[in-house]
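Everything on this sheet refers to the single structure shown next.
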Amino acid sequence: MKIICIGRNYANHAKEMGSAVPSEPVFFMKPDTALLLKNKPFYYPDFSKEINYETEIVLKINRVGKYIKKKFAHRYYNKIGLGIDLTARDLQLKCKINGLPWEKAKSFDNSAPLSKRFFDKNKLPDNINFYLKLNGSKVQTGNTKEMIFSFDEIIEHISKFCTLKIGDLIFTGTPEGVGNIKIGDRLQGYIEDKCILDFEIK
Ligand code: MG
């Protein structure tokens, strides 16, 4: 399986990063070794001093597809969960400055904590509320109506380039409010007031 992540899909996050609002979805990938499951702790790696949380709604693909049209895209995912796109911001910045791909800043082991629970897409409202608590305080809040590219537009775009397969995950971008994690922190992710992700930084 593969993990496809969308960058800059919320205008206010693009602004806080000093990035332009994109005219088409920006995507990158994480390997399966990035998955951190079952609320296991994240161990802070020694290659970075600035790891950011980015809280994102995650789609689970349930059909194989290529060149999927937007109007049919809803048939290709059935479950919705929450993930954190952990990002080594210091490494990413260095790569950006040098015009290099920023893969290593995004794809390292355990950089994709994923909720235990996924909701049936039909059980959630069209506009999904989600948020992250850091040590008990809400630090990021989003609603999918604020996305620049909808789930269906994202699927149409990605599937022009990459065949989507059953079990693939799509991280759909973070709202504003990204910030640093440190050892001892507790992160709790919510969809519609249900805590479905809860882990510690060690
Ligand atoms: Mg992200």
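The values are calculated or read from the model by the stated rules, or taken from the named source; none is laboratory data. Here the structure is a predicted model, which means the values were calculated and not measured. Please note: Cβ atoms are built from the backbone with ideal geometry, for glycine as well, and neighbour counts cover all protein chains shown. Heavy atoms of the whole protein, side chains included, go into the accessibility calculation; ligands, DNA and RNA do not. Shrake-Rupley method; radii C 1.70, N 1.55, O 1.52, S 1.80 Å.
May I ask you to give the solvent-accessible area per residue for the chain, in square angstrom, as obtained with a 1.4 angstrom probe?
Values: 9700 Å² over 202 residues.
That works out to 48 Å² per residue.
In nm, give the distance between the simple-model label positions of residue 192 and residue 103, each being 7 Å from the Cα along the Cα-to-Cβ direction.
3.9 nm
Going by a ≥ b ≥ c, the root eigenvalues of the Cα gyration tensor, does region 9-62 fall in the rounded group (a/c under 1.5), the prolate group (a/b larger than b/c) or the oblate group?
oblate
Classify region 1-110 from the C-alpha gyration tensor, please: rounded if a/c falls under 1.5, else prolate or oblate depending on whether a/b exceeds b/c. Mind dumping the intermediate values first?
On the way: a/c = 1.97, a/b = 1.30, b/c = 1.51.
Since a/c reaches 1.5 but b/c is at least a/b, the shape of region 1-110 is classed as oblate.
Sort region 103-179 into rounded, prolate or oblate with this rule: let a ≥ b ≥ c be the square roots of the eigenvalues of the Cα gyration tensor; rounded if a/c is under 1.5, and if a/c is not under 1.5, prolate when a/b is larger than b/c, oblate otherwise.
It comes out oblate by the Cα gyration axes.
Hey, if you put +1 on the Cβ of every Lys and Arg and -1 on every Asp and Glu Cβ in the chain, which of 73, 36, 142 ends up farthest toward the positive end of that dipole?
Of the candidates, 73 comes out farthest on the positive side.
If I model a spin label as a point 7 Å beyond the Cα along the Cα-Cβ vector, how far apart are those points for residue 69 and residue 43 in nm?
Once both label points are built, they end up 5.0 nm from each other.
Roughly to the nearest percent, how much of the accessible area of region 1-154 is carbon and sulfur, given a 1.4 Å probe?
50 percent
Rg and Dmax of the chain over Cα atoms: what are they, in angstrom?
Every Cα atom of the chain included, Rg and Dmax give 15.7, 45 Å.
For the chain, give the magnitude of the charge dipole about the Cα centre (Cβ charges: +1 Lys/Arg, -1 Asp/Glu; no others), in debye to the nearest 20.
540 debye
For region 12-65, what is the charge dipole size about the Cα centre, in debye to the nearest 20, if Lys and Arg each add +1 at the Cβ and Asp and Glu each add -1 at the Cβ?
About 280 debye.
Roughly what % antiparallel, to the nearest 5, for the DSSP beta bridges in the chain?
For the chain, the DSSP antiparallel bridge percentage is about 85.
Trypsin sites (Lys or Arg not before Pro) within region 32-103: which are DSSP loop residues with at most 16 other Cβ atoms inside 10 Å?
When the trypsin sites (Lys or Arg not before Pro) of region 32-103 are filtered for loop state and at most 16 Cβ neighbours within 10 Å, 38, 49, 63, 66, 69 remain.
Assuming a strict under-27 Å limit between Cα atoms, what lysine pair count do you get for region 126-202 once near-sequence pairs (fewer than 8 apart, same chain) are dropped?
Counting lysine pairs in region 126-202 gives 13.
Based on DSSP H runs of at least 4 residues, each adding -39500 (n - 2.57), what is the mean residue ellipticity at 222 nm of the chain after dividing by all its residues, to the nearest 500 deg cm²/dmol? Before the final figure, lay out each step's value.
Values: 4 runs with 30 residues, N = 202.
Dividing the helical sum by the residues of the chain leaves -4000 deg cm²/dmol.
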